[in-house]
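So the structure is just underneath, and the comments pick up after that.
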Amino acid sequence: MRKKIGKMFPNYAKMIDTKMRMLCTFCYTVYNVNRGLLKNELCGRGDGFSDKAVRIRCVREDQSSVTLTLYYLQNGSARVGFRVAGKEYLLPVGLVLKALIDTTDHEIYLNLTCCYNDKYHKDRGTVGTQLIGERAQIILDELRNLSLITHNQCLKHIGIHFRPALSGVNEESDIVIGEAVLRQYILVHLDNNHDKFNLLIFMLQKLFALIDQTAAPDNVDALQNMEVLLIGHVITVYIKEKLEDLLEKLKQRITDAMSKQGKDFEFGIVAEVKKIFSRIAPSFGRSIERMIKVGRLATSTGLDLPQREGLTVQAERLNYLRFISHFRSVHRGASFVMMRTTAVRKLLPESWGFLCPVHTPDGTPCGLLNHMTAACRVVSFYDQNGQLKDHLKIRLSILSVLVGLGMTPSLPRLEHAGPPKILRVLLDGCVIGSIASAKVEKAVWHLRSLKLASSSVIPDDLEIGYVALSEGGAYPGLYLFTSPSRLVRPVKNISGFPDGNANIELIGPFEQAFMEITCPDGGNGGRPEFLPATHEEIHPTGILSVVANLTPWSDHNQSPRNMYQCQMAKQTMGFSGQSLQFRADNKTYHLQTPQSPIVRTAAYDKFCMDEFPTGANAIVAVLAYSGYDMEDAMLLNKSSVERGLFHGHIYQTETIDLTCKRNQSEQEVFGRGSDKSIDSDGLPFVGQVIHPDEIKYVKINLLTSQPSPCKLKGSESVIVDYIAINGVGSDKFLQKVNLRTRRIRNPVIGDKFSSRHGQKGVCSQLWPDVDMPFSTVTGMRPDLIINPHAFPSRMTIGMLLESIAAKGGSLHGKLIDATPFTSSILENNSDKSSAKGSLVDEIGPMLASYGFNYHGVEVLYSGVLGTELTCEIFMGPVYYQRLRHMVSDKFQVRSTGPVDKITQQPVGGRKHGGGIRFGEMERDSVLAHGAAYLLHDRLHVSSDYHIADVCTICGSLLTATLLKPPRKRLGKAKDVSNLPPPRYANNLKCHACDSTKGMETVAMPYVFRYLAAELAAMNVKMELRLSNSSSS
């Protein structure tokens, strides 16, 4: 099972250092596939541009890419756009066509107009119109106006215009430069210019069909037009660019050294070159390290990537579910977070079976951060046996199979015909030929049979996208994909192959949109009879992610509650790992006594979740027992908590490195000094309890031999759990250690708990066991009491079913299968007489046989009054989770403490002992209640209370000076805190008026005095007018 899990979570993300930074995986435009665009922003390219274009992202074998866009002009022509060093260049499409191959205008005209025929202009699937001939003529006339007739003239024209943009081509001819531009920037995924010519013709025909509305534009947000941008590919292209920059710098440095030293510099001496290289080499390593640690690409070209920042996240190992979710997540990109449109966040039908509709966070990243389903996987360069794929051999095999099925190859010349008579066949973005419309379905059926054959050279992850003829739909054709980075998922192929068995086939999101797939519930989904289903879903839970598959009976819950559970399951304090004693995570939450749930789904055992449990089975009573259970508050049985329910620990690892010091002359090492509370090496004992403000470790300065104790900060005691020596420094001194401490966190009032159905709540009281309601039949008292008002509006029926099923499973001594959508499969069973009824009808008789109520309710007695409660109480075991949100980490209180040095106001932040911000909205609400004195107390007396000296003559606040200091009194005065200093008469003078008269003391916020000082710095004087009269 461990090997199966390893295959399900491929290592397409990398982790580094002890902080476990992980590089994200993004959804990006699928490469080597041309897409029809309809965007208003395309009109902003310049005068005469329309809002329609065809775009393709071309990826080379080294994973570097160039995006090429074919813009349509309002005069009927088109422009080829691509970027060189971040700047976009536009070329006439006719110029590129004639520069690619040595051809004539007549041949270009025939290739462009072959998709239209008067014989088929009214047939279904026709994509061409009569206007295509006029557009082709306009494209050719542009070349005649530029006096470009031959192939070499076009190459020379391109070379002249791109000579300033390319580096290192000063000595090359214009024709060579033109060939370099075509090779490096025009359809770079193809090596043959004839293939580039055919693909550009195909893109032009698709663009004209988009203009004439005979073909629909592609949805760029749909998953069928997207793929996974693997972080390994990002690192590859980034390292390639940095290596090119490094070599360019090395070349320049060597050239400069040769020009300065002349004959004295010998290039053959390795030491000389190594000396130059050592000066620039560290910058290469730092750039790669910074990219992994910070997640930012320091590139000027952009590398044709969707974003340059936010490529890494911290891989928190809070629990097992959170950790594996990092590897199954797919982010759309940080650029979409602040967009006002919601189109990019929508859950589209094309995502069925590939992206989980439930497992996405609420809030800002909603719909942008998605997770792959449990069965979905990413295609890589390796096959299912772990062998490296030979893509050239695979493509030649596919080509030979298609030729045998009646396909006409595109080389040496493309067939002059188009839809609906023939359809183009594209393999990984290359037009390999054309096939008759009558033969294409047979070819697709044969390719799928070869996919399922174990002895075939055709890979099992080949994506066969057959876009049939339609009226105004997607552009027809047969699209085949063997490239990596695609998403695939398994389905049953029920097309009736010779063996008669339903084989498992891997399909991709592009072909899924044009396939007939049925669900195992027996319904046809509104499918007409003349279009029978060719494939079937393996199980309805195939649309859910790993985390969403663990929610029992999620089909009985409200959808937002299932979304909340997917988030809270990753925030639970569970059993994070089996090797906890050997790990050095920055922060780990650990549940002391976890349990295995009685009610579980099939995925629970499949993913070995018993090795990483996340909660405990608690007896839950649905009862309004006191006023402490309102608004999602809950009562916990104090005795249950004392017996160990939800006890937990927080492990924190601190790396203490004494070598990282700015002043290298003052070397520090660990040592005990004179303190006897720690070990002789200056470190605490393992198992030692350290209280706040007690010594945690001691370091000694070797220069001064003075010990410097470091004390424990905070308000919690810790237990030293583990100490690891992380090597030694110079002279074999101990200078670097990893110190792991443990904090005990038992449930207290304010801690957060949750069931597996999104029912979260806060512990309001630890209720004594003698006061809890009890049953006179069994004597049982609930571990937890929740309010019944939590169910009507949230409709979490799955939690009620879990309570009944867990009670029956506990009595019968068996685990209950709570896999969602099971009832729909049972209803489709051919032997319907053996199908089970509802869950209540199945568990009810079991409860009744043991003397319990059929529906799971019980009669309870009040633990306070001893009287019978007037209603039957729903009570049973429910698997509850303790979340990491604890009041000990969040409570904030302050009476006095540190203040800001400039404004004299209390600092903010719980970490610094600050206060809670009282802002403008809080001020407005207090004013609305008329509590003026409360506002005065909060914003003045308890904040930056200050007594200032003001001159009533000139109104100055800043010019008071002290004449003479007061005499010192004998004896030590008693220190009375929180009182202003004493005032002495006739010892102040206004420096501006040069007088001691009119000096008054005024209480004001200190920030007002700071405002006067800031205005004075700008040569603006503030005057105060004082008066004792209330009317003035």
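The values are calculated or read from the model by the stated rules, or taken from the named source; none is laboratory data. The structure displayed is predicted, hence computed values, not measured ones. Cβ atoms come from the backbone with ideal geometry, glycine included; neighbour counts cover every protein chain shown.
Report, by residue number, each residue of segment 233-291 that is closer than 30 Å to Leu23 by Cα and among the hydroxyl-bearing types (Ser, Thr, Tyr).
Hits for segment 233-291 are Thr236, Tyr238, Ser278, Ser283, Ser287.
Scanning for something among the aliphatic types (A, V, I, L, M) and surrounded by fewer than 19 Cβ atoms within 10 Å (Cβ to Cβ), does segment 217-229 turn up at least one residue? Show your work before the answer.
Quick first cut of segment 217-229, residues among the aliphatic types (A, V, I, L, M) only: 220, 222-223, 226, 228-229.
Now restrict to residues that are surrounded by fewer than 19 Cβ atoms within 10 Å (Cβ to Cβ): 220, 222.
Among the residues of segment 217-229, at least one is among the aliphatic types (A, V, I, L, M) and surrounded by fewer than 19 Cβ atoms within 10 Å (Cβ to Cβ), which makes the answer yes.
Please enumerate the residues belonging to segment 560-596 that are of a type in the set (S, T, N, Q) and in a loop (DSSP other than H, G, I, E, B). If you could, list the steps in order and put the result at the bottom.
Step one: of segment 560-596, the residues of a type in the set (S, T, N, Q) are 562, 565, 567, 571-572, 576, 578-579, 581, 586, 588, 592-593, 595-596.
Ser576, Gln578, Ser579, Asn586, Gln592, Thr593, Ser596, listed by residue number.
Taking the residues in segment 350-369 that are without any contact (Cβ under 8 Å) to a residue 60 or more places away in the chain and at negative phi as candidates, determine which candidate is surrounded by the most Cβ atoms within 10 Å (Cβ to Cβ). Spell out how you get there, then give the answer.
Within segment 350-369, the first condition is being without any contact (Cβ under 8 Å) to a residue 60 or more places away in the chain, and the residues that meet it are 363-369.
Subsequent filtering for residues that are at negative phi retains 364-366, 368-369.
Numbers: Thr364: 9, Pro365: 16, Cys366: 13, Leu368: 20, Leu369: 18.
For segment 350-369, the residue satisfying everything is Leu368.
Assess whether Arg643 counts as being among the basic types (Lys, Arg), over 24 Å from Gln735 (Cβ atoms) and crowded, with 18+ Cβ neighbours inside 10 Å.
Values: among the basic types (Lys, Arg): yes; over 24 Å from Gln735 (Cβ atoms): yes; crowded, with 18+ Cβ neighbours inside 10 Å: no.
Considered against the rule, which asks whether it is among the basic types (Lys, Arg), over 24 Å from Gln735 (Cβ atoms) and crowded, with 18+ Cβ neighbours inside 10 Å, Arg643 comes out as no.
Just wondering, is there one or more residues in segment 248-257 that are closer than 30 Å to Gln63 by Cβ, in contact with a Lys or Arg (Cβ under 8 Å, 6 or more places away or on another chain) and of a type in the set (Lys, Arg)?
Taking every residue of segment 248-257 in turn, at least one turns out to be closer than 30 Å to Gln63 by Cβ, in contact with a Lys or Arg (Cβ under 8 Å, 6 or more places away or on another chain) and of a type in the set (Lys, Arg).
Within segment 93-107, identify whether any single residue is within 47 Å of the chain's Cα centre (by Cα) and surrounded by fewer than 21 Cβ atoms within 10 Å (Cβ to Cβ), and answer yes or no.
Within segment 93-107, the first condition is being within 47 Å of the chain's Cα centre (by Cα), and the residues that meet it are 93-101.
After this cut, where a residue has to be surrounded by fewer than 21 Cβ atoms within 10 Å (Cβ to Cβ) as well, the list is 101.
Yes: one or more hits.
Given the residues Ala315, Ala281, Ala257, Ala298, which is the only one that is in contact with a strand residue (DSSP E or B) (Cβ under 9 Å, 6 or more places away or on another chain) and of a type in the set (A, V, I, L, M, F, W, C)? Quick ask: steps written out before the conclusion?
Working: Ala281 fails: in contact with a strand residue (DSSP E or B) (Cβ under 9 Å, 6 or more places away or on another chain); Ala257 fails: in contact with a strand residue (DSSP E or B) (Cβ under 9 Å, 6 or more places away or on another chain); Ala298 fails: in contact with a strand residue (DSSP E or B) (Cβ under 9 Å, 6 or more places away or on another chain).
Checking each option against the conditions leaves just Ala315.
Is there any pair with a first residue in segment 64-86 that is not assigned by TED's automatic domain parsing to the domain that holds Lys98 and a second that is outside any strand (DSSP E or B) whose Cβ atoms are under 9 Å apart and which are 6 or more apart or on different chains, and what are they?
Hits for this filter: zero, empty list.
Which residues, counting only those in segment 844-872, are among the hydrophobic types (A, V, I, L, M, F, W, C) and farther than 15 Å from Tyr625 by Cα?
So in segment 844-872, the residues among the hydrophobic types (A, V, I, L, M, F, W, C) come out as 846-848, 852, 857, 859-860, 864-865, 869, 871.
Across segment 844-872, the qualifying residues are Met846, Leu847, Ala848, Phe852, Val857.
Which count do you get for residues in segment 840-888 that are under 30 Å from Asp751 (Cα atoms) and part of a strand (DSSP E or B)?
Residues flagged as under 30 Å from Asp751 (Cα atoms) and part of a strand (DSSP E or B) within segment 840-888 amount to 14.
Residue under question is Val403, and the condition is that it be assigned to a loop (DSSP other than H, G, I, E, B) and either crowded, with 16+ Cβ neighbours inside 10 Å or on the phi < 0 side of the Ramachandran plot (or both); does it hold? Break it down stepwise before answering.
Numbers: assigned to a loop (DSSP other than H, G, I, E, B): no; either crowded, with 16+ Cβ neighbours inside 10 Å or on the phi < 0 side of the Ramachandran plot (or both): yes.
Considered against the rule, which asks whether it is assigned to a loop (DSSP other than H, G, I, E, B) and either crowded, with 16+ Cβ neighbours inside 10 Å or on the phi < 0 side of the Ramachandran plot (or both), Val403 comes out as no.
Within segment 422-462, can you find the residues that are surrounded by fewer than 18 Cβ atoms within 10 Å (Cβ to Cβ) and of a type in the set (Lys, Arg)?
Lys439, Lys442
Hey, can you tell me all the residues within segment 683-707 that are of a type in the set (Gly, Ala, Ser) and at pLDDT 90 or above?
Residues of segment 683-707 of a type in the set (Gly, Ala, Ser): 687, 705.
Selection gives Gly687 alone.
Name the residue that is farthest from Ile507 (Cα to Cα), counting only residues in segment 377-420 that are within 37 Å of the chain's Cα centre (by Cα) and polar (S, T, N, Q).
That would be Gln387.
Hey, could you check segment 897-950 for residues that are basic (Lys, Arg) and outside any helix (DSSP H, G or I) and say which is nearest to Arg1025 (Cα to Cα)?
Lys901
Quick check: is even one residue across segment 379-400 closer than 25 Å to Leu190 by Cβ and in a strand (DSSP E or B)?
Quick first cut of segment 379-400, residues closer than 25 Å to Leu190 by Cβ only: 379-383, 388-400.
Then drop every residue that is not in a strand (DSSP E or B), which leaves 382, 388.
Within segment 379-400, one or more residues are closer than 25 Å to Leu190 by Cβ and in a strand (DSSP E or B).
Rundown of residues vs (1) buried (at least 17 other Cβ atoms within 10 Å of the Cβ); (2) modelled with pLDDT of 95 or more; (3) assigned to a strand (DSSP E or B); (4) out of contact with any strand residue (DSSP E or B) (no Cβ under 6 Å at 6 or more places or on another chain), yes/no style:
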| position | (1), (2), (3), (4) |
| --- | --- |
| Ser754 | yes, yes, yes, no |
| Pro782 | yes, yes, no, no |
| Pro792 | no, no, no, yes |
| Ala805 | yes, no, no, no |
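For segment 442-482, enumerate the residues that are touching a helix residue (DSSP H, G or I) at 6+ places or on another chain (Cβ under 6 Å), in a loop (DSSP other than H, G, I, E, B) and under 16 Å from Met515 (Cβ atoms).
Leu462
Identify, from the list His161, His151, His189, the residue that is under 19 Å from Thr104 (Cβ atoms) and assigned by TED's automatic domain parsing to the domain that holds Arg60. Can you show your working first?
Numbers: His161 fails: under 19 Å from Thr104 (Cβ atoms); His189 fails: under 19 Å from Thr104 (Cβ atoms).
Among His161, His151, His189, only His151 is under 19 Å from Thr104 (Cβ atoms) and assigned by TED's automatic domain parsing to the domain that holds Arg60.
Within segment 704-759, track down each residue that is under 30 Å from Met634 (Cβ atoms) and aromatic (Phe, Trp, Tyr).
Phe753
Looking at segment 308-334, I want the residues that are within 17 Å of Pro365 (Cβ to Cβ) and have a partner that is polar (S, T, N, Q) and modelled with pLDDT of 90 or more with Cβ atoms under 7 Å, at least 6 apart or on another chain. Which pairs are those?
Close Cβ pairs satisfying both conditions: Arg328/Ser545; Val330/Asn370.
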